[in-house]
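Heads up: the structure comes next, in structure tokens.
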Amino acid sequence: MERSRIVVAGASGLIGSALVRSLVADGHEVVRLVRRSARGADEVRWDPAGRYVDTAGLAGCDAVVNLAGAGVGDHRWTPEYKKTIRDSRVLGTAALAEAVAALDAPPRVFVGGSAIGYYGDTGERAVDEEAPPGDGFLPRLCVEWEQAAAPAREAGIRTVFARTGLVVAREGGAWGRLFPLFKAGLGGRMGDGRQYWSFIALHDEVAALRHLLDTESLSGPVNLTAPQPLTNREITAAMGRVLGRPTPLPVPAPVLRAVLGEMAGDVLGSARVVPKRLLESGFSFAFPGIEDAVRAAL
């Protein structure tokens, strides 16, 4: 990609901050959306809940990446927090899509965040981007999240949905919580361990997002997951091998349900998701295996 002006929402999050570092290192101009008053030319104020974006700051942007949203695993899923999760994604996406669609010179691409939660519990069945949405809170959320970008697509902007899996990173996300447990020798399978986890190394997640920005033939949903999903039992064993720690302490399903509430259904559920469109478009993974991904995160 030639030097571009790229707007990033969610630039302070795990994935967003890594993406910004990568883009800046390659000489791109990055504009961050912030909820406070802008402090420089590289910031633009927005209010996702209020569906407000300072559109003047978006002028001349070549691409927009929306990764904003409240953490899914940060709190127990009370009705209030589920509303926070939804609104932070759906209202923010709608505001940004409407803002870029109204520009005299809109960006050439809008990459919207999404998640493999779209597919729900797939059991042992491998699914790609052609699979329908599943049932439950996360699938409904992902459907609304993607639909909220309609103004951008209808304005003729190439619109891509990055359906991201579990990001293997030390700094945050689900894996950020797993690393300390496993390093302390307290890691173990969850439930019976037969549920599939579709993971992706943080390095590959950033590279895949940049691939979506650059690849003109891609639009619509694209799964951002490593090529071979593994079961929780297999991932647990791999974590133990890489970290040199025993993994003797399984977490029984009833305990997870007691601690996590409704969210336990997604921890215990199986998501065997494959990145068909990413691979077909020529993307190459640097860390396709779980042991490589874990080592890259250390």
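Leu178 sits with roughly 20 Å² accessible to a 1.4 Å probe, with DNA, RNA and ligands left out of the calculation.
Legend: translational diffusion of the stretch 13-152 by Stokes-Einstein, Rh = Kirkwood radius over C-alpha pairs, 37 °C, 0.692 mPa s; D = 202 µm²/s. Once the GluC sites (Glu not before Pro) in DSSP loops with at most 10 neighbouring Cβ atoms within 10 Å are cut out of the chain, the longest remaining piece is 3-123. Between Leu224 and Arg163, Thr164, Gly165, the built amide H atoms are under 5 Å apart, and every one of these is 5 or more places off in sequence or on another chain. Shown in residue order for the stretch 61-76 are the 3J(HN,Hα) couplings computed by the Karplus curve 6.51 cos²θ - 1.76 cosθ + 1.60 at θ = phi - 60°: 6, 8, 8, 10, 10, 10, 10, 6, x, 5, x, 5, x, 7, 9, 4 Hz (x for Gly and Pro).
Near the amide H of Leu230, within less than 5 Å, lie the amide hydrogens of Trp197, Phe199, all on another chain or at least 5 residues away, with H placed in the peptide plane. At a 1.4 Å probe radius, carbon and sulfur cover how many percent of the accessible area of the stretch 59-142? Looking at the stretch 59-142 in its full context, I get 51 percent from C and S. The string of couplings for the stretch 21-33 from the Karplus curve (6.51, -1.76, 1.60, θ = phi - 60°) is 4, 5, 5, 5, 4, 9, x, 7, 8, 10, 10, 9, 7 Hz, one whole number per residue in order, with x for Gly and Pro. Backbone phi angles across the stretch 281-290, fed through the Karplus curve with coefficients 6.51, -1.76 and 1.60 (θ = phi - 60°), yield HN-Hα couplings of 8, x, 6, 10, 7, 7, 10, x, x, 5 Hz in residue order; Gly and Pro are listed as x.
Protein heavy-atom accessible surface, 1.4 Å probe, per residue over the stretch 75-196: 43 Å².
Mean sequence separation of contacting Cα pairs (under 8 Å, at least six apart), scaled by the length of the stretch 194-235, corresponds to a relative contact order of 71 percent. Residues whose amide H lies under 5 Å from that of Val44, counting only those 5 or more places away or on a different chain, are Arg32, Leu33, Val34; hydrogens are built 1.01 Å from N in the peptide plane.
All alpha carbon pair distances within the stretch 174-228 were sorted into 10 Å bins beginning at 0; the resulting P(r) in whole percents reads 19, 38, 27, 14, 3.
The values are calculated or read from the model by the stated rules, or taken from the named source; none is laboratory data. Computed from a predicted structure; not experimentally measured. Neighbour counts are summed over all protein chains in view; Cβ atoms, including those assigned to glycine, are modelled from backbone coordinates with ideal geometry. The area values use the complete protein model at the heavy-atom level, side chains included, leaving out ligands, DNA and RNA. Shrake-Rupley method; radii C 1.70, N 1.55, O 1.52, S 1.80 Å.
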